[in-house]
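The values are calculated or read from the model by the stated rules, or taken from the named source; none is laboratory data. It should be emphasised that the depicted structure is a prediction, and the values quoted were computed from it without experimental measurement. Note that each Cβ is placed from the backbone with ideal geometry, even for glycine, and that neighbours are counted across all protein chains shown. Quick note on the areas: whole protein, heavy atoms, side chains included, nothing else; ligands and nucleic acids left out. Shrake-Rupley method; radii C 1.70, N 1.55, O 1.52, S 1.80 Å.
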Amino acid sequence: MTSGAGSVPAPETSLPPGPGMPTIAQTLLWMFRPIPFMEHCRTRHGDIFTVRLPIGGGVVNICDPQLIRTVFADRGDRLRAGEANIVLAPVLGSRSLLLLDGPEHMRQRKLMLPSFHGERMQRYGPLITEITARRVAGWRSGEMALRPEFQEITLDVILRAVFGLDEGDRLTELRASLHRLLASGRNRLAMLPAMQRALGGLSPWARLMRRRAATDELLYAEIRRRRAAPDLAERDDVLSLLLLARDEQGNAMTDAELRDELITLLLAGHETTATSLAWLFDLLVHEPAALRRLEEEVEGGEGTAWLDACITESMRLRPVVPVIARHLREPLELGGWRLPAGSYLAPNIVLTHRRADIYPEPLRFRPERFLDARVDSFAWLPFGGGIRRCIGAAFATFEMRAVVPEVIRRVRLRPASPRPAAIRRRGITLVPAGGGRVLVDPRS
């Protein structure tokens, strides 16, 4: 076939190399052995490789910060994060910030950003400390899993900060409903498109939809109640701020938009922070010198430099989300390849964080590496980057800085096993096996 007069043939597109095994085998390894599989791919194929999953187009993993810079520089014209996150729609809803692209994403982001302003977050400090102290006061001597405990703490923080609810029936009912929704959302069968069938109301999908409907009823009731509150303008919880927010045309968020953003904050906000806290303490108890130094800093009350370094290093070594996904709408030149439209680009957080040329001894927990060094925004990726950087990043870090000292003041933690917890995939996240088990000794 020849091109027309004066035209230039478009260069052919192709995907970088990757494993030659069948798609089903790659999918199973991606789900159940993600870290060894990723490391094998990089060792064999380099810093840009393709994994074939049953989502069409191929998933191009990128482990080079300079190539990741190119991905983050895109403003959503060619690389669509919302389209890549479509698997989350059954729980979060179609108007969630995580599922929007282009101008709609920017409008929603601008409406939400003021709720996470640094000065406003400071007001939540005493609340976070109070919630943590109350929960930790119930810990008893012996062995326990940290992640479920931190999930309770971070869920209460989000419920109180987002809704401004005090302890009572409404908070208790919403907390219980969210627990049930989360349990259904973690069921992998319910999230597979091929399995999203009611089957007489008995399938995991049908259970998820019932629990979503029950939670929605509570959320919409709270939205209506708050919209009619006489003190709406004086409140500083996130729901009230979102109700008052207006875009450049003077339009407020609809109830459906509010519902989707609230559920995103509630579900995404507390699970990831709880997991990060569990990983942090799992690493600390296996590095006694680092833990002792942190205890001394907390007891001395002189700054948070070591705490900040420990948080940054734990999120490097144990990122909660393994990759960042983008759906490619048109061909893109990257790393010597012309990638085809329809493929997915995935800056690989785990592998980028394990680059020995950036992080010497990358598999060791060494907080000191962040004491005097600036964090490279293209090589440290727990919150993503560019215009899609996690909107709750500052809140999550602030929350961890409040929770960790309160735990250290109230209990002594020791390892329950000789090695840190194994990494397990739970949905789209990487969690400590067994919830991150430790031995607890309450301080007198």
### Task
Would you kindly find the accessible area of Arg412, with a 1.4 Å probe and non-protein molecules such as ligands, DNA and RNA excluded, rounding to the nearest 10 Å²?
120 Å²
### Query
Put His327, His270, His40 in order of accessible area, largest first, 1.4 Å probe: what do you get?
His40, His327, His270
### Task
List the relative contact order of the chain as a percent without decimals, with contacts defined as Cα pairs under 8 Å and 6+ residues apart.
25 percent
### Task
Taking 7 Å along the Cα-to-C-beta vector as the label spot, tell me the His40-Arg412 distance in nanometres, rounded to one decimal.
4.4 nm
### Message
Under 8 Å for C-alpha pairs, at least 6 residues apart: give me the relative contact order for the stretch 70-136, rounded to a whole percent.
### Response
24 percent
### Query
In what sequence, largest accessible area first, do Asp237, Asp169 appear using a 1.4 Å probe?
Asp169, Asp237
#### Entry: Residue-span extension gain [Gln122 to Arg401] - 0.36 nm each, minus C-alpha spacing
99.3 nm
### Protection-proxy order for peptides 94-101, 286-293, 240-247, each taking the mean of Cβ atoms within 10 Å per residue, highest first
94-101, 240-247, 286-293
### Query
Taking a probe of 1.4 angstrom, what is the accessible area of Met315 in Å², to the nearest 10?
20 Å²
### Query
Expressed as a whole number of Å, what is the distance separating the alpha-carbon centroids of the stretch 364-410 and the stretch 33-95?
22 Å
### Query
Which of rounded, prolate, oblate describes the stretch 17-85, given a ≥ b ≥ c as roots of the alpha-carbon gyration tensor eigenvalues and a/c under 1.5 marking rounded, otherwise prolate only if a/b is larger than b/c?
oblate
### Query
By accessible area of protein heavy atoms, probe 1.4 Å, what ranking do Asp260, Asp441 get, highest first?
Asp441, Asp260
### Accessible area per residue in Å² at 1.4 Å probe, computed on the chain
46 Å²
### Accessible area of Glu152 in the full protein assembly, 1.4 Å probe (Å², nearest 10)
50 Å²
#### Entry: For the stretch 360-421, average projected area of the Cα convex hull in nm²
6.3 nm²
### Query
Using modelled backbone amide H atoms (1.01 Å from N, in-plane), which distant-in-sequence or interchain residues come within less than 5 Å of Arg426's amide H?
Val431
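List the relative contact order of the stretch 13-131 as a percent without decimals, with contacts defined as Cα pairs under 8 Å and 6+ residues apart.
16 percent
At 0.36 nm per residue, minus the direct Cα-Cα distance, what do Arg134 and Leu113 gain on full extension? Give it in nm, one decimal, please. Write out the running numbers ahead of the final one.
Details: separation 21, 0.36 × 21 = 7.56 nm, distance 2.99 nm.
Gain on stretching Arg134 to Leu113: 4.6 nm.
Give me the dipole magnitude in Debye, nearest 20, for the chain about the Cα centre, with unit charges on the beta carbon: positive for Lys and Arg, negative for Asp and Glu.
1260 debye
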